[in-house]
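A.B. asks: Can you read through this structure? Questions will come right after.
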Amino acid sequence: MTFFRLCFLLAVGGLPFVSTVDADEWSGLVGIEGRYFTQTPQDPRQFDHENVSLIVEPEYIHEWDDGRQVFAFVPFLRIDQHDSNRTHFDIRELTWEKAEDAWELRLGVRKVFWGVAEFQHLVDIINQTDLVENLDTEDKLGQPMANLALIQDWGTLDVFVLPFFRERTFAGSEGRPREQPPVDEDQAGFESSAEEHHVDFAIRYSHFIGDWDIGLAHFYGTSRAPRLIPGVDASGSAVLVPFYDIINQTSLDVQATKGNMLWKLEALHRSGQANAFNALAGGFEYTFVGIFETVIDLGILGEYHYDDRGESAPTTLEDDIALGTRLSFNDVQSTEALMGLIVDRESSGKFFNLEASRRLGENWVVEFQVRAFFGQSRTDPAFTFTRDDYAEMAFFYYF
Amino acid sequence: MRTWFVLTWLLTLPLHEVLAQTPEEKGLAIAVEEERRDTGWLDQKSDLQMILRNKHGEESTRILRIQTKEVDGDGDKSLTVFDTPRDVKGTALLIYTHALKPDDQWLYLPALKRVKRIASANKSGPFVGSEFAYEDLTSQEVEKYRYQWLRDELLDGRKVFVVEQYPAYEHSGYTRRIVWIDMEIYRPLKIEFYDRKNALLKTLTFHHYQLYLDQYWRPDRMDMVNHQTGKHTSLLWKNYRFKNGLSDRAFDRNSLKRVR
């Protein structure tokens, strides 16, 4: 059964709920995004400088039973000028939720976020990353699941059964930013003979005590991040072949909120993907409220990212320091800017990131983004993007 | 609410009547009575339209839903959900108010499905670009201020107490507030806010109080004017509903994620 057939069955199953009229609503967004890549590509098959794409993401919400039951449907479509892989359709959400005093049951295609850090979402594992959307890994593919949350005074215990696996999306051979050589998704391999039908499990305990928010989780199943193994495609060209191992991952995420200071820590132990390893992301965010007698808030962020596989780690964040500033103008247009620099302590490679947004009128938002790579050595996993510096401007209409 | 406080005050009431009250005692007594009269509504839901206007008269509107629950022996819990502007639709803010220690605040970002514990020391920061600071909108506990009664007078034909209040919590943007409290209904009609340099910053006025459940007065409209920037924010309250039977579960991080 494919992902979309599953979604169709869920939708048909959900129809009886929708017919009980209470409160329902359509909303969503349409957007146009332009990217300009400042350099010519590493591979001549990749497009040169400009790229335009369109996105649509409507959202249908139906609430009844005094808000204790919710049905949500969020399809997503991007049409991209150059990259056929980036032109894609997904069902971000197709879900039914029921809340009682001691538990909540959530069935269907959903998105779940775990973690506290800003420069990397290390422990976040339930959903597959929709990597063609953005390198920041914050866009996720909808994940089919049954999630029961047991809610007690001592905290919340979430149990997840994940019956279907979504493969990571990668830029097509003509796309940018792109791995070098390109990833050939058609050859994707799985450790489990059940392939994407392997049933994955996760459990998470979360609670807060005073200033402390804590999450402890275990995941067993198909690794969301594949290993990328050098190979050749049907025409004999070099490609990277994704291989999805069965892993066990135990993780911890903690935040201490002390006045204007947030202390953050994410840590994990993973086995099953070559040698077992540990990884960590930790740091702080401090906010100066109302700088220079204005209403503008200035946040200072510092994080350290570590992976004990060292230089052989398939991540770009194995021994890296990340520094950032966040400006919140607290104005009517909700103007915000976040700027960050990640420095690799071993290779001196650097990654610069700027994100800014502002509302225009009541329904429009303009977003500006810059991503740039400096000084990556050939052995650095980020070397693959070294000619893919870009600036992005996007306009979104929310309805 | 602080029932202990109210009880103590009731026990000492005869003493107050015998001895002349100092202005500090009278100011505190008014605040305690104000809170006593507004206790027992258990929980409250309301819809809020927020109209922001700059000095050129340009307007921007936000629509929010707010639900609040009384907590015995501590500040109230509240959950605020945005319906507009559309780009922040579904964004929600969960606040556990405390009298003197910083509030606990969690922000839900629907695009990422992320619940984020946020720094709550920024009580003086503007709420969503409006002229209301966070500290103007969170629940008003007696212990949050020191008090001094100034005088009794008439305001727009109504008898009022005029009381000066000094924030007792950290990180306030104000040195003091002057509050005009209606003697009949024990609710504020006007508040002046003085900034950290003790200059007049803002004036808040309350309009069209309505009586709910024969006991609780709520305004239909609140107008905040910032004298230093010329900006203006109106709050239009609709659909006040009390005693909805909301449990603590309606104010936890799970419900924050379920908000639509």
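A.B. asks: Enter the Cα centre distance for the pair region B:57-93 and region A:333-364, rounded to the nearest angstrom.
C.D. replies: 27
A.B. asks: Shifting gears a bit: What does the charge dipole of chain A about its Cα centre add up to, to the nearest 20 debye, if the Cβ of each Lys and Arg holds +1 and the Cβ of each Asp and Glu holds -1?
C.D. replies: 480
A.B. asks: Per residue, how much space in cubic angstrom lies within the convex hull of the C-alpha atoms of region A:310-399?
C.D. replies: Considering the Cα atoms of region A:310-399, their hull volume per residue is 102 Å³.
A.B. asks: With r as the distance between the Cβ atoms of A:L323 and B:L42 and R0 = 41 Å, compute the FRET efficiency 1/(1 + (r/R0)^6) and round to 0.05.
C.D. replies: Efficiency computed from Cβ-Cβ geometry: 0.30.
A.B. asks: By the scheme Lys and Arg +1, Asp and Glu -1, what is the net charge of all other residues having a beta-carbon under 12 Å from that of A:R309?
C.D. replies: In short, -3.
A.B. asks: Taking 7 Å along the Cα-to-C-beta vector as the label spot, tell me the A:S312-B:I185 distance in nanometres, rounded to one decimal.
C.D. replies: 7.5
A.B. asks: Which number comes out as Rg/Rh for region A:3-398 once both Rg and the Kirkwood Rh are worked out on C-alpha atoms?
C.D. replies: 0.95
A.B. asks: Please compute the net charge surrounding A:W263, taking Lys and Arg as +1 and Asp and Glu as -1 over other residues with Cβ under 13 Å from its Cβ.
C.D. replies: -4
A.B. asks: Considering every residue in A:240-248, what mean count of other chain Cβ atoms within 10 Å of its Cβ is obtained?
C.D. replies: 0
A.B. asks: Out of B:L154, B:L201, B:L109, any idea which swings most in a Gaussian network model of chain B, alpha carbons joined below 10 Å?
C.D. replies: Of B:L154, B:L201, B:L109, the most mobile in the Gaussian network model is B:L154.
A.B. asks: Considering the Cα positions of chain B, please state its Rg to one decimal place and its Dmax as a whole number of Å.
C.D. replies: Using the Cα atoms of chain B, the pair Rg, Dmax is 18.5, 61 Å.
A.B. asks: Starting from the Cα of A:N278, step 7 Å along the direction of its Cβ; do the same at B:L100; then give the gap between the two resulting points in nm.
C.D. replies: 4.2
A.B. asks: From other protein chains only, count the Cβ atoms within 10 Å of every residue's Cβ in A:205-216, then give the mean.
C.D. replies: So the per-residue partner count for this stretch is 2.
A.B. asks: Also, quick follow-up: Evaluate the distance, in nm, between pseudo-label points positioned 7 Å from the Cα of B:D72 and of A:D48 along their respective Cα→Cβ axes.
C.D. replies: In this crude label model, B:D72 to A:D48 measures out at 7.5 nm.
A.B. asks: What's the average, rounded to a whole number, of partner chain beta-carbon atoms within 10 Å of each residue's beta-carbon in B:251-259?
C.D. replies: For peptide B:251-259, the averaged partner shielding equals 4.
A.B. asks: Quick one: how many lysine pairs in chain A have C-alpha atoms under 30 angstrom apart, if they're 8 or more apart or on different chains?
C.D. replies: Lysine pair count for chain A: 8.
A.B. asks: Using amide H atoms built in the peptide plane, which far-off residues or other-chain residues are under 5 Å from B:K202 H to H?
C.D. replies: Amide H neighbours of B:K202: B:F193, B:H227.
A.B. asks: DSSP loop trypsin sites (Lys or Arg not before Pro) in region B:20-91 with at most 13 other Cβ atoms within 10 Å of their Cβ, which ones?
C.D. replies: B:K55
A.B. asks: Taking the Cβ of B:V88 as the centre, find all other residues whose Cβ is under 10 Å away and add up their charges (Lys, Arg: +1; Asp, Glu: -1).
C.D. replies: Taking every other residue near B:V88 into account, the sum is +2.
A.B. asks: With contacts defined as alpha carbon pairs under 8 Å and 6 or more residues apart, what's the relative contact order of chain A in percent?
C.D. replies: This gives 12 percent for chain A.
A.B. asks: Using the alpha-carbon atoms, what tilt in degrees (0 to 90, nearest 10) does helix B:23-37 show relative to the longest principal axis of chain B?
C.D. replies: Taking Cα atoms only, the helix is inclined about 50 degrees.
Just so you know, all these numbers are worked out from the coordinates, no wet-lab data involved. Computed from a predicted model, the values in this text were never measured in an experiment. Backbone-built Cβ (ideal geometry, glycine too); neighbour counts: all protein chains shown.
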